[in-house]
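Colleague: My structure is below; once you've seen it, I'll send some questions.
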Amino acid sequence: MQHTAQKILRDTFGYSRFRGAQQAIVDHVVSGGDALVLMPTGGGKSLCYQIPALLRDGVGIVISPLIALMQDQVEALKQLGVSAAFLNSSLDVEAAREISQRLIRGELKLLYVAPERLMTEGFLNLLERLQQGKGIALFAIDEAHCVSQWGHDFRPEYRALTVLRERFPNVPRIALTATADAPTRREIIERLSLEQAQEFVSSFDRPNIRYRITQKNNARQQLQTFLETEHHDDAGIVYCLSRKKVEETAAWLKDQGWDALPYHAGLDANTRNKNQSRFLREEGVIMVATVAFGMGIDKPNVRFVAHLDLPKSMEGYYQETGRAGRDGLPANAWMAYGLGDVVSMRQMLLTGDAPEERKRVELQKLDALLGFCESTTCRHQTLLRYFGEEHPGDCKECDNCLSPVDTWDATQAAQMALSCVYRTGQRFGVAHLIDVLLGKLTPKIEQFNHQQLSTFGIGKALAQTQWSSVYRQLVAAGFISVDMEAYGGLKLTETSRPVLRGEQEIWLRRDAEPVKRSSSKAERSSRLREAFAGANEDPLWQALKAKRMELAREQGVPPYVIFHDSTLLEMLNRKPQTLTEMGQISGIGQSKLTKYGDDFLKVLEDVASGKWT
C-alpha cells in the first residue's frame, strides 16, 4: 500500500515525498478507517482524500461548500490526468444529468458535490445505486468547521451529513478543516458522528507568514505604503468589515494605480463571479472583500492578506491570513487597527440576532483577538497557544520578534484614564475623554460642565495619539469595557479597582512611530527578495510565467493550475535540459510532463540562446 501511495504521489502529483501526517492519513483511510484531519491552509489536505480515492475501488465523493473551490479542484485534477467532475447549481439540467450518468458508469474517480445537493433524496438514491454497482471509495467532508453553530462559516446543511454514516456505514469518511479550536473540534466529532474516527492534528504554524499589526493612522495611506514597499505587482486580499468600505477602498486603490476589484455579498452574482475569476486567472490582482470572499480559494501565490478592520475572532484571523502563501513561499499578514474597530465589532456582535449564549462566546473570541493584537510577545507563539499548541521559540517572522516592543510604566497614565471614565459618568467615548484629559474646552465639554472635573487638563503631558493608545490597550486588557447601550461609551470593569487604588502596576506597549512613505515603488522586503532571488528581473522568469499564462488562457484555467510559482522557481534555478530532468522537479507528474514538458524546455532553450522575444 505504501509503495502504491508513493507511486501515485510521484507519478500523478509530481511530489517525491509526503509531508507531515499525510502518509499516515492516507494509509488509515485506504484501510477503511474514518479520520478527522486538522491541517493548516496550504498543508496539503486535498491529497489526504484524493490519493485514497485513487487507491480504493469506486468513486470518492467530496462534499464541498463552495462552487469556486470545486471548479478549481476539478480543473487541477484534470490537469493531472485524473477523471473528476463536480455537481452544483452552476450546471444546467443536461450537464448535471450527463455527470450523473458518468458517475453510475464508473467513469469518474472523484466527484465534488455541494452539501445541499447531496442531501436531496434523489442524489442519495443515486449514491445507493453507485454503491451497489461501481462502489463508493470514501466520503470527504471538506471545510468541516462549517458544522459548528459557533463558527463564522456555519452551514446548517452540514448538520444533516450524519446521514452518510446511517446509509453508508461501510464507507470511510474523512472530515477536514484548516481551523478549529477545541470546542469546534468536539462539535465536528459530535455532529458528524465521528466518535470512532482517528484524529490527525498537524501543527497550525505557518512559518512562511510574517504577521504584522500596526495602529491605525490614516489606514488607506498605511496600506498604500505597505503595498508600494513590499507588494508591487503581487496578488493579495484586503479585508474590510462593511460592503461600503469594500467599494470605497477598491475604488481608491484603483485611482492609485492598483488593479483592485471589490467582492461582497451585496454585488450581483455575475459581478462577483467575474471579479473572482479575474483574481484567480490573472497575475497581480488585489481583491478588496468582506469575509464573504475567501473560503476555499485555492490560489497558491497570494503574497499578502491585509486587514483594514478587525476580524471577529482568532479563528477568523487565522483562516483569513492563511489564504496567503499557500505555496510555502514568504507571504505577509498585515493589519491596521484602532479602538474604533473594537467599538464597531462589539456593537456588531451585541446588536446581532444571535442568542445571548452565542454573543458571550463571540465576545470572548473577540477579546482573545484583542489580546493578540496588543501582545508584546511572539505572534506565532500567541496564535498557536490559542489553538492549544506550543511554539518552540521566537519565530523571527513577526513584528514583535523582528522589532521588540518598547514598554513603559503607564501606571499613572492608566489611573488618570480610568479616573476620567469614572468622573464623566462612564458613558462617554474615547474622543471626549481625551479632550477632558487634554483640557480642551469643546462645546460638548461645556454642555456637560466637564471643565469643572478634577481630571480636566491633568493629562497634558501626553499627546492625543498617546492617550488613544492608552485607552485602546486598557480596553484590550479588560480594565475598561465598551457599553453599547451608551453608544460606545466606556465604563470601568471590576479589574480596574486595584489600579485606581495604586495596588497594581500597568505596563503598556509604546506604539511605534508611523513609517514614512517609501520613495521606491518596486522595493520589496528582504526576505521576499531573497526568496525570489532576483527572479522578477530575470528574463527567464518572465518567459516561464508568460508561457504559463499563454497555456492557461488557451485552456481557460488559472495559471497556477498549470504550475505553481514554486515549480517555476525550481525550474528557473535548476534549468533542466531533458524531460527526465524536468520530471524531477517538484509538482511535475507524468501527465503534466507529457502535456507541458516540451513547451517549457523550449522556453529554457530559447532564453539561453537569446531567441526568446
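Colleague: Taking amide hydrogens as modeled 1.01 Å from N in the peptide plane, which residues meet the under 5 Å criterion relative to residue 214, leaving out close sequence neighbours?
Modeller: 335, 336, 337
Colleague: Still on this structure, I have one more. Given the alpha-carbon gyration tensor of the stretch 184-228, what are the semi-axes of its equivalent ellipsoid in whole angstrom, ordered largest first, with each equal to the square root of 5 times an eigenvalue?
Modeller: The answer is 41, 14, 8 Å, longest axis first.
Colleague: Taking N as the number of residues in the stretch 96-156, what is its Cα Rg relative to 2.2 N^0.38 Å?
Modeller: Rounded to two decimals, the normalised Rg is 1.29.
Colleague: If you don't mind, there's one more thing I want to ask. Take the Cα atoms of the stretch 139-270, find their three principal axes, and give me the spread along each one in whole Å, biggest first.
Modeller: The principal-axis extents, from largest down, are 57, 37, 25 Å.
Colleague: Another one. Give a residue-ordered list of calculated ³J(HN,Hα) values for the stretch 163-173 (Karplus: 6.51 cos²θ - 1.76 cosθ + 1.60, θ = phi - 60°; whole Hz; x for Gly, Pro).
Modeller: 4, 5, 5, 5, 9, 9, x, 9, 9, x, 10
Colleague: If you build the convex hull over the alpha carbons only and average its shadow over all orientations, what do you get for the chain? Give it in nm² to one decimal.
Modeller: For the chain, the mean projected area of the Cα convex hull comes to 30.0 nm².
Colleague: What is the antiparallel percent of DSSP beta bridges lying wholly in the chain, to the nearest 5?
Modeller: 10 percent
Colleague: Also, I was wondering about something else. Could you state the orientation-averaged shadow area of the convex hull built on the Cα atoms of the stretch 533-609, in nm² to one decimal?
Modeller: If I average the Cα hull's projected area over directions, I get 4.7 nm².
Colleague: Right, next: So what are the ³J(HN,Hα) numbers for the stretch 457-474, from phi and the Karplus equation (6.51, -1.76, 1.60; θ = phi - 60°), rounded to whole Hz, Gly and Pro as x?
Modeller: Coupling constants for the stretch 457-474: x, 7, x, 5, 6, 10, 7, 4, 5, 5, 5, 4, 5, 4, 5, 4, 6, 5 Hz.
Colleague: Let me ask something else about it. Counting pairwise Cα distances across the stretch 209-402, what percent come out greater than 22 angstrom?
Modeller: Result for the distance tail: 47 percent.
Colleague: Work out the length of the dipole vector of the chain about its Cα centre, built from +1 on the beta-carbon of each Lys and Arg and -1 on the beta-carbon of each Asp and Glu, and round it to the nearest 20 debye.
Modeller: 240 debye
Colleague: Could you give the alpha-carbon Rg of the stretch 81-127 over 2.2 N^0.38 Å, rounded to two decimals?
Modeller: In units of the globular-protein estimate, the stretch 81-127 measures up at 1.07.
Colleague: How high is the relative contact order of the chain? Use alpha-carbon pairs under 8 Å, at least six apart in sequence, and give a whole percent.
Modeller: It rounds to 15 percent for the chain.
Colleague: Please rank 420, 378, fewest neighbouring Cβ atoms within 10 Å first, as an exposure proxy.
Modeller: Ascending Cβ contact count within 10 Å gives the list 378, 420.
Colleague: Return the subset of 109/575; 396/491; 7/547; 312/592; 299/365 for which the Cα-Cα distance in this structure is over 32 Å, preserving the input order.
Modeller: Cα-Cα > 32 Å for 109/575; 396/491; 312/592; rest within.
Colleague: Right, another one. Inverting the mean 1/r over all pairs of different Cα atoms, compute the Kirkwood radius of the stretch 2-201 and quote it in Å.
Modeller: 16.8 Å
Colleague: Going by Cα centres, the stretch 537-585 and the stretch 418-464 are how many Å apart?
Modeller: The stretch 537-585 and the stretch 418-464 have Cα centres spaced 62 Å from each other.
Colleague: I've got another one for you. Helix-only estimate, please: 222 nm mean residue ellipticity of the chain, summing -39500 (n - 2.57) across DSSP H runs of length 4 or more and dividing by its residues, to the nearest 500.
Modeller: Dividing the helical sum by the residues of the chain leaves -13500 deg cm²/dmol.
The numbers here are math on the coordinates, done by the rules we state, and not lab data. Quantities reported herein were computed from a predicted structural model and do not represent experimental measurements. Note that each Cβ is placed from the backbone with ideal geometry, even for glycine, and that neighbours are counted across all protein chains shown.
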